Amino acid sequence: TQKTITVLPGDGIGPEVTTAAIEVLERIAQKFHHKFSFQEGYIGGSAIDAKGEPLPEETKEMSAKSDGILLGAVGGPDWDHLPGAKRPEKGLLEIRKSLDLYANLRPVKAYSSLVGASPLKREKVEEVDFLIVRELTGGLYFGEPRKREEVNGEEQAVDTLVYKKSEIRRIVKRAFEAAQLRKGKVVSVDKANVLESSRLWRETVDECKTDYSNVELDHMLVDNAAMQLISQPDAFDVIVTENMFGDILSDEASMLTGSLGLLPSASLGATGVGLYEPVHGSAPDIAGKNLANPLAAIASSAMMLKYGFQLEKEAARVEEAIEKVLGDGYRTADIAQDSTGVVTTTEMTEAVIKALE
Ligand code: NAI
Ligand code: MG
């Protein structure tokens, strides 16, 4: 397999963790006789500094022409004074929009050697291994009209929650397909007892289900889902939901395992060019010090192999290597119980590469 990968390191620890991911991908290419070539572009604050805007045209073009995008993180105190339209985060929103990345996939998995870091009891999190599939380009965050107005002498605000059936169908199909690669269980989360958009959501999910007879489907109201994520997190396999519910539930879920530096994500679209990035931000407090945990970025590159390139064996190899180094006790500072034996970004990366063998 021959692939061109766009790397957008971004800001803060972004360059450190994407470098780690590239090294892992290069080793995988070597081992499995693939050819991956890497091209680097600007995004976020570093793009503002170099090119005057958070998503330069050349970044957009090279991204669209590649087979997958590996992103670090954007933002930091150097750019916090800028107005909204010129901020680093704008680069991220724009690239998602320009590639129509409507499906955000966030796996949440407990590593048994680390469950002590969870705020929940060990036996609750030990078996946690699920995937949240969040709709990313529709719903309340994008609906029109959105406005402030005065009605009967009082100020009010309006946001609009709209979903087209086709928008629901394409995200739900993604979830069913993902479930087929996993344990075959989908929970669709909505608020169908109250919201019309949720009733259309639920109907559409049921219609799509007929094409996936080997997948089990349940519907769950979002308030109940928020509770179940804490009381029975190990009961889930794939959760599919609309934009705002997914935003909230995925942040809730990211706390379950107690290790932000381990969580990857993928944003997939209609074009086949996916964007893969760690869930964490640019961590300006530790940037440039070789302290960042590279595992979330490395796990993101495994998602690129799996969901972007359909290289499931290779992806599994990377995931196993991550489990191995954690099982062997390798810890960057963010996941260490105490300060003994803490490894750097580069040492952790070397350990993963060694574990690939
Ligand atoms: P953050 O995720 O960057 O950091 C939160 C805490 O976790 C910090 O103490 C940090 O040192 C630690 N941390 C995060 N990732 C780590 C890693 N890989 N290894 C070790 N420790 C890690 O979130 P924060 O502090 O709220 O935001 C910092 C900047 O990042 C802001 O400018 C924010 O806008 C941006 N950000 C960007 C995101 C993105 O690019 N997708 C997502 C979230 C925040
Ligand atoms: Mg959020």
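Points worth noting:
- Calculated from backbone phi, Karplus (6.51, -1.76, 1.60) coupling profile of region 341-357 in Hz, x at Gly/Pro: x, 6, 9, 8, 4, 5, 5, 4, 5, 4, 5, 5, 4, 5, 6, 5, 5
- Distance from region 35-92 to region 240-269 (C-alpha centre basis), Å: 22
- Residue-wise HN-Hα coupling along region 173-187, computed from phi with Karplus coefficients 6.51, -1.76, 1.60 (Hz; x: Gly, Pro): 4, 3, 5, 4, 5, 5, 5, 5, 8, 10, 8, x, 10, 10, 10
- Over 32 Å (Cα to Cα) - which of Lys147/Lys191; Lys185/Lys324; Lys209/Lys313; Lys86/Lys173; Lys97/Lys124; Lys65/Lys124 fall in this group: Lys86/Lys173; Lys97/Lys124; Lys65/Lys124
- Extension gain, Lys173 to Thr271: 0.36 nm times the residue separation minus the Cα-Cα distance gives 33.7 nm.
- For the chain, the mean residue ellipticity at 222 nm estimated from helices alone is -11500 deg cm²/dmol, where every DSSP H run of n ≥ 4 contributes -39500 (n - 2.57) and the total is divided by all residues, rounded to the nearest 500.
- In this label model, Thr344 and Ser98 are separated by 3.5 nm, measuring between points 7 Å along each Cα→Cβ vector.
- Under-5 Å amide H pairs with Leu217, H placed in peptide plane, nonlocal only: Val186
- Evaluated with a Cβ-only charge set (Lys, Arg +1; Asp, Glu -1), region 129-255 carries a dipole of roughly 520 debye about its Cα centre, given to the nearest 20.
- Shape class of region 1-152 from the alpha-carbon gyration tensor: oblate, with a/c at 1.5 or above and b/c at least as large as a/b.
- C-alpha center-to-center spacing [region 175-201, region 111-169] in angstrom: 13
- Percent of C-alpha pairs per 10 Å bin in region 129-255, short distances first: 13, 42, 30, 10, 4, 1.
- Note on Lys121: lysines with a C-alpha under 18 Å away, same-chain residues under 8 apart excluded, are Lys109.
- Förster radius 45 Å - calculated FRET efficiency between Glu61 and Asn290, Cβ distance, rounded to 0.05: 0.85
- For the chain, alpha-carbon Rg over 2.2 N^0.38 Å: 0.99
- For Glu319, net neighbour charge (Lys/Arg +1, Asp/Glu -1) across residues whose Cβ lies under 12 Å away: 0
- Protection proxy ranking for 8-19, 80-91, using the average of other Cβ atoms within 10 Å per residue and placing the highest first: 8-19, 80-91.
- Residues in region 133-143 carry Karplus couplings, in order, of 10, 10, 5, 10, 10, x, x, 4, 6, 10, x Hz; the curve used is 6.51 cos²θ - 1.76 cosθ + 1.60 with θ = phi - 60°, and Gly or Pro positions show x.
Any read-out appearing in this document is the output of simple, stated calculations on the displayed coordinates, not a laboratory observation. Quick caveat, the model's predicted, so the values are computed rather than measured. Cβ coordinates were reconstructed from backbone atoms using ideal geometry, including for glycine residues, and neighbour counts include every protein chain displayed.
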